[in-house]
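Structure, as structure tokens:
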Amino acid sequence: MARRSRSSPLEDLISLASLLPWWLSLLIAAVSWFLLHGYASSPPPTAVNPSQMASAMSGAAFRGLAMVGQYFIPFAFVCGAIGSVVGRAKRKRLIEDVARR
């Protein structure tokens, strides 16, 4: 039995995005950038007393993830859109080749 090659989450996201129509992948890329950029650039909450420290730290962690995600998620969906366009062109060319025979 053959083993599946391991792929990174970024590769999985790109392959998922390439299954979508190209315009939907670009729309998801734009929406994810706007949402994540807005959250990542928002000012972090300040902890006034020690009981609020947990929420302040979790907010900082989520902002850090949003800071990275605002670039990687749109990049993956744009690459997926390119893959979708290329795959669609290959399928169209294959259908035209088969129809000519």
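Quick notes on this one:
- Among the residues listed as Ser84, Ser51, the single one being surrounded by 12 or more Cβ atoms within 10 Å (Cβ to Cβ) and polar (S, T, N, Q): Ser84
- In the stretch 24-48, residue surrounded by the most Cβ atoms within 10 Å (Cβ to Cβ) [restricted to those that are within 22 Å of Ile82 (Cβ to Cβ) and among the small types (Gly, Ala, Ser)]: Ser25
- Among helices (runs of 4 or more DSSP H) entirely within the chain, having at least 2 residues that are at pLDDT 95 or above, within 10 Å of the chain's Cα centre (by Cα) and hydroxyl-bearing (Ser, Thr, Tyr) singles out 22-40.
The values are calculated or read from the model by the stated rules, or taken from the named source; none is laboratory data. Please read these numbers as outputs of a predicted model, since none were measured by experiment. Because the Cβ atoms are built from the backbone with ideal geometry, glycine has one as well, and the counts that use them run over all protein chains shown.
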